[in-house]
Amino acid sequence: MNPTNPPSLHLVQSQDLPRGINSVRALPAPDLGALWDSIILEDGIKDRLLSQAVLNYTLRPKVDRTALPMHGVILLVGPPGTGKTSLAKGLASKVASLMKGAKFRLVEVDPHALTSSAMGKTQRAVGELFSQSIAEQAANGPTIVLLDEVETLASDRSRMSLEANPIDIHRATDAVLVQLDALASSHPQLLFLATSNFPQAIDGAFTSRCDLVIEVPPPGPEAARQILRQCLATVGETFPAIAKLAESRDLERVAQAAAGLDGRTLRKLVVNAMAMRKETAMDPNRLALADLEAAIRNTQGSRRAAEGERQ
Ligand SMILES: Nc1ncnc2c1ncn2[C@@H]1O[C@H](COP(=O)(O)OP(=O)(O)O)[C@@H](O)[C@H]1O
Ligand SMILES: [Mg+2]
């Protein structure tokens, strides 16, 4: 077995995949399960997501669509860096491990590969992706499709100026909607997990087809504390003085100060804090919580400056 590319992870090599499909993987996958566990959120958001996705397999195939019009689409929205893509991939794996006995697959779609095609071809490429490529995958068994940054595929037609946006992109949205309806009735074992940083750019007809639209917020103080603690503990495995910071009671105060920062930024914070002083860069064991606080102020300051520039 080739250790760099185990066959169980990639069923199909990317060069053999139809246009618009990035990868096809067998589920559950341990790395995706770990991704799910790595996202820390308050308010039972993960439970709601998991329950909704499981219903797609326990309820949807068994109940008449006229009574329960499920489309098999879950949409995760929220600011960049809040863990939406990680959650969607992790969720796919989690559902597969709960629904034992069935061979699930994850299909990752690359919407940019379709919309960047030559003028006049987008609509057809989108149509073919859903009606042929995805339908073929779904015919092989339970299939979960990741539509990352779905606003590219289902752009809001009412906000599009036909001068600035080629009519072809307009029609691509129509094609997505037609295909979603067709697949929803023909393939009840198919689940779409869509994400977007710009929900206002998504067509309303797409959103109304979603069985659940869930907002993924930036971590609150408790989740922020856990993320920082986890990052410090991991670095602390190599630099013992940092492990002590992970256990410090004052970490709660630091996490309060970090309110509003997204998960990605929080994970970068420990490195940013080390880069605040040459001494800590040379010897990470010298990191102090004050460095983390300085890095937080720095990040918040540059965010405000960037937002000011945009206005
Ligand atoms: N709530 C969170 N808890 C832990 N890590 C997070 C959280 N939100 C984001 N991250 C981390 O930030 C990075 C970016 O996540 P990603 O899923 O790409 O976000 P998005 O798709 O919302 O932009 C990942 O490394 C992820 O682990
Ligand atoms: Mg993302």
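General observations
- Taking all protein chains together and rolling a 1.4 Å probe, MET160 ends up with roughly 30 Å² accessible.
- Antiparallel beta bridges, as assigned by DSSP with both residues in region 7-215, represent about 25 percent of the total such bridges.
- Take 48-58, 242-252 and order them by the average number of nearby Cβ atoms within 10 Å per residue, most first; the result is 48-58, 242-252.
- Heavy atoms of the protein chains alone define the surface here; on that basis the chain has 49 Å² accessible area per residue at 1.4 Å probe size.
- For the chain, the residue among VAL216, ILE167, SER248 whose Cα projects farthest onto the positive side of the dipole built from Cβ charges is SER248.
- Distances between placed amide hydrogens fall under 5 Å for PHE104 paired with LEU27, all partners being 5 or more residues away or on another chain.
- Simple Cβ-charge dipole of the chain, Lys/Arg +1 and Asp/Glu -1, about Cα centre, in debye nearest 20: 340
- Rounded to the nearest 20, the Cβ-based charge dipole of region 201-302 about its Cα centre (Lys and Arg +1, Asp and Glu -1) stands at 280 debye.
- Over the residues of the chain, the helix contribution to mean residue ellipticity at 222 nm works out to -14500 deg cm²/dmol, using -39500 (n - 2.57) for each DSSP H run of at least 4.
- Among ALA113, ALA172, ALA96, the largest mean-square fluctuation in a Gaussian network model of the chain, built with springs joining Cα atoms closer than 10 Å, belongs to ALA113.
- Of the residues PHE104, THR195, LEU76, the one whose Cα sits farthest toward the positive end of the charge dipole of region 7-215, with +1 on the Cβ of Lys and Arg and -1 on the Cβ of Asp and Glu, is PHE104.
- Pairwise Lys count, the chain - Cα closer than 24 Å, eight or more residues apart or different chains: 18
- Length-normalised contact order for region 221-310 - Cα pairs under 8 Å, 6+ apart - percent: 29
- Each Lys or Arg adds one and each Asp or Glu subtracts one; over the other residues with Cβ under 15 Å from the Cβ of GLY44, this totals -2.
- For region 7-215: rounded, prolate or oblate by the Cα gyration tensor [a/c cutoff 1.5]: rounded
- Each Cα pair under 8 Å and six or more residues apart adds its separation to the average, and for region 7-215 the resulting relative contact order is 31 percent.
- Region 221-310: C-alpha gyration tensor shape, a/c 1.5 cut-off, then a/b vs b/c: oblate
- Within the shell defined by Cβ-Cβ distances under 10 Å, the residues around ALA223 carry a net charge of -2, with Lys and Arg each +1 and Asp and Glu each -1.
- Mean sequence separation of contacting Cα pairs (under 8 Å, at least six apart), scaled by the length of region 24-111, corresponds to a relative contact order of 60 percent.
- Fully extended contour minus Cα-Cα distance, from GLU136 to GLU307, at 0.36 nm per residue: 57.1 nm
- With θ taken as phi - 60° and the Karplus curve 6.51 cos²θ - 1.76 cosθ + 1.60 applied, the whole-hertz 3J(HN,Hα) list for region 264-280 is 5, 5, 4, 5, 7, 4, 4, 5, 4, 5, 5, 7, 6, 9, 5, 4, 6 Hz, x standing for glycine and proline.
- Toward the positive end of the charge dipole of region 221-310, with +1 on the Cβ of Lys and Arg and -1 on the Cβ of Asp and Glu, the farthest Cα among ALA281, GLN230, ALA305 is that of ALA305.
- Placing +1 on the Cβ of every Lys and Arg and -1 on the Cβ of every Asp and Glu, with nothing else charged, gives region 68-144 a dipole about its Cα centre of roughly 240 debye.
- Rounded to the nearest Hz, the phi-derived 3J(HN,Hα) couplings of region 181-198 under the Karplus curve 6.51 cos²θ - 1.76 cosθ + 1.60 (θ = phi - 60°) are 5, 5, 5, 4, 7, 8, 10, x, 8, 9, 10, 9, 10, 10, 10, 7, 8, 10, where x marks glycine and proline.
- Sites SER38 and LEU98, calculated FRET efficiency, Cβ-Cβ separation with R0 22 Å, nearest 0.05: 0.75
- Surface share of carbon and sulfur [accessible, 1.4 angstrom probe, percent] for region 7-215: 53
The values are calculated or read from the model by the stated rules, or taken from the named source; none is laboratory data. Quantities reported herein were computed from a predicted structural model and do not represent experimental measurements. Reconstructed Cβ throughout: ideal geometry from the backbone, glycine too, with neighbour counts over all protein chains shown. Protein only, heavy atoms only, side chains kept; ligands, DNA and RNA dropped before computing areas. Shrake-Rupley method; radii C 1.70, N 1.55, O 1.52, S 1.80 Å.
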